[in-house]
Amino acid sequence: MIETAGVTLERAQRLYEEFGADLARVKRYQRLLYSERFCEKRARARAAVLQDLGADLLMPVGFGQITWAQFDDLNAELTYLLLRAERPEVVVEISPCGGWSTSWILNALRDNGCGHLTSFDVIADSVAKVPADLADGIRTFHQGDVRVSPHIPERIDYLFVDSDHTGAFADWYLEHVFPRVRSGGTVSVDDVFHAGGPDASGGEGTVVLRWLEQRGLDYFTAAPSVNRAACAALQATRRRLGLDAPIHFSETNPAIFFAMP
Ligand SMILES: C[S@@+](CC[C@H](N)C(=O)[O-])C[C@H]1O[C@@H](n2cnc3c(N)ncnc32)[C@H](O)[C@@H]1O
């Protein structure tokens, strides 16, 4: 059954309770994956060694990728929990970069035993960095500019957006991707509420927030810059359940989540 309850603090807290044991296991998995492939410090150190060793060699394509995790813990956990609750069939990710958000999404689909993820990025790092046994059979990746891709599904159950943060890019997806999200489907947009406000990361945030306001739509965010109480309440829930050990922690939690009308 597909749940279409929208995204609220109370629902998020309930989902932490309901899927807490699974989330604890997935966090153990993600912690290992992070330290192996997504930690920025380690990735940079490894790239420096490879560059040194291979300075006079013709390196294979993709060798020495240095993309790292960008999606923060709290928003990644909320994504996992919402995917578990909603059991979507068609999930779209714009964009994976190295695939940190991808790995969270795929863990949820694996645990659900249903659903397929289609990801779009101009770079293909995530193909190598996301473990094959996590992605096999449930993920399709399309390399290139998503704005000209013929592969965007006609009907989307869950849309994850963390890509080009310009207002122009937001204008594009509002017109071409949002109408494909089914009514009640969840949409998340990362990097809306950084410390500098919604315009700080390129203009996308302002465009999306205006779109929501014009339609009278609510959204949920755990960004302390706009919703300190929700952030504190979720952190308290995580602490109480023993789920607060950091992997890729940030203080900003800049994503927004909402249900498509
Ligand atoms: C902020 S990163 C994504 C981080 C990722 N979600 C994570 O969890 O680590 C943004 C990505 O968007 C991609 N991107 C930017 N413009 C794009 C476009 N027009 N089409 C496809 N991908 C694009 C970039 O190549 C980059 O990898």
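The values are calculated or read from the model by the stated rules, or taken from the named source; none is laboratory data. Note that the structure is predicted; figures quoted are calculated from it, not measured. Methodologically, a virtual Cβ is constructed for each residue, glycine included, from the backbone with ideal geometry; neighbour enumeration extends over all protein chains shown. These accessible areas exclude ligands, DNA and RNA; they are computed on the full protein's heavy atoms, side chains included. Shrake-Rupley method; radii C 1.70, N 1.55, O 1.52, S 1.80 Å.
Find all pairs meeting these conditions: Cβ atoms under 8 angstrom apart; at least six residues apart or on different chains; first residue within the range 158-181 and touching a residue at least 24 places away in the same chain (Cβ under 8 Å) and under 18 Å from GLY203 (Cα atoms); second residue of a type in the set (S, T, N, Q) and away from the ligand (no atom under 13 Å from the Cβ).
Partner pairs satisfying both residue conditions: GLY167/THR206.
Against the condition within 8 Å of the ligand (Cβ to nearest atom), over 21 Å from VAL181 (Cα atoms) and surrounded by fewer than 24 Cβ atoms within 10 Å (Cβ to Cβ), how does ILE94 come out, does it pass? Walk me through it before giving the result.
Working: within 8 Å of the ligand (Cβ to nearest atom): yes; over 21 Å from VAL181 (Cα atoms): no; surrounded by fewer than 24 Cβ atoms within 10 Å (Cβ to Cβ): yes.
The answer is no for ILE94.
Just name the residue that is farthest from the ligand (Cβ to nearest atom) out of those in the range 65-88 that are open to solvent by 10 Å² or more (accessible area, probe 1.4 Å) and in contact with a Lys or Arg (Cβ under 9 Å, 6 or more places away or on another chain).
ALA85
Take the range 167-192 and flag every residue that is open to solvent by 30 Å² or more (accessible area, probe 1.4 Å), in a helix (DSSP H, G or I) and either of a type outside the set (A, V, I, L, M, F, W, C) or within 9 Å of ALA259 (Cα to Cα) (or both).
Scanning the range 167-192 gives ASP171, GLU175, HIS176, PRO179, ARG180.
Scan (1) open to solvent by less than 30 Å² (accessible area, probe 1.4 Å); (2) more than 14 Å from the ligand (Cβ to nearest atom); (3) part of a helix (DSSP H, G or I) for the single condition SER101 breaks and write down its number.
Single failed check for SER101: (2).
Quick grid of which residues meet (1) touching a Lys or Arg at 6+ places or on another chain (Cβ under 9 Å); (2) of a type in the set (Lys, Arg):
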position: TYR16; (1), (2): yes, no
position: ASP22; (1), (2): yes, no
position: TYR29; (1), (2): no, no
position: LEU32; (1), (2): no, no
position: ARG37; (1), (2): yes, yes
position: GLU40; (1), (2): no, no
position: ALA48; (1), (2): no, no
position: ASP52; (1), (2): no, no
position: ALA55; (1), (2): no, no
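Could you list, in sequence order, the residues of the range 134-166 that are within 14 Å of the ligand (Cβ to nearest atom) and open to solvent by 60 Å² or more (accessible area, probe 1.4 Å)?
Correct list: GLN143, ARG147, VAL148, PRO150, HIS151.
Say we look at the range 104-133 and pick out the residues that are open to solvent by 10 Å² or more (accessible area, probe 1.4 Å) and aliphatic (A, V, I, L, M); which of these is farthest from the ligand (Cβ to nearest atom)?
By that ranking, first place goes to ALA132.
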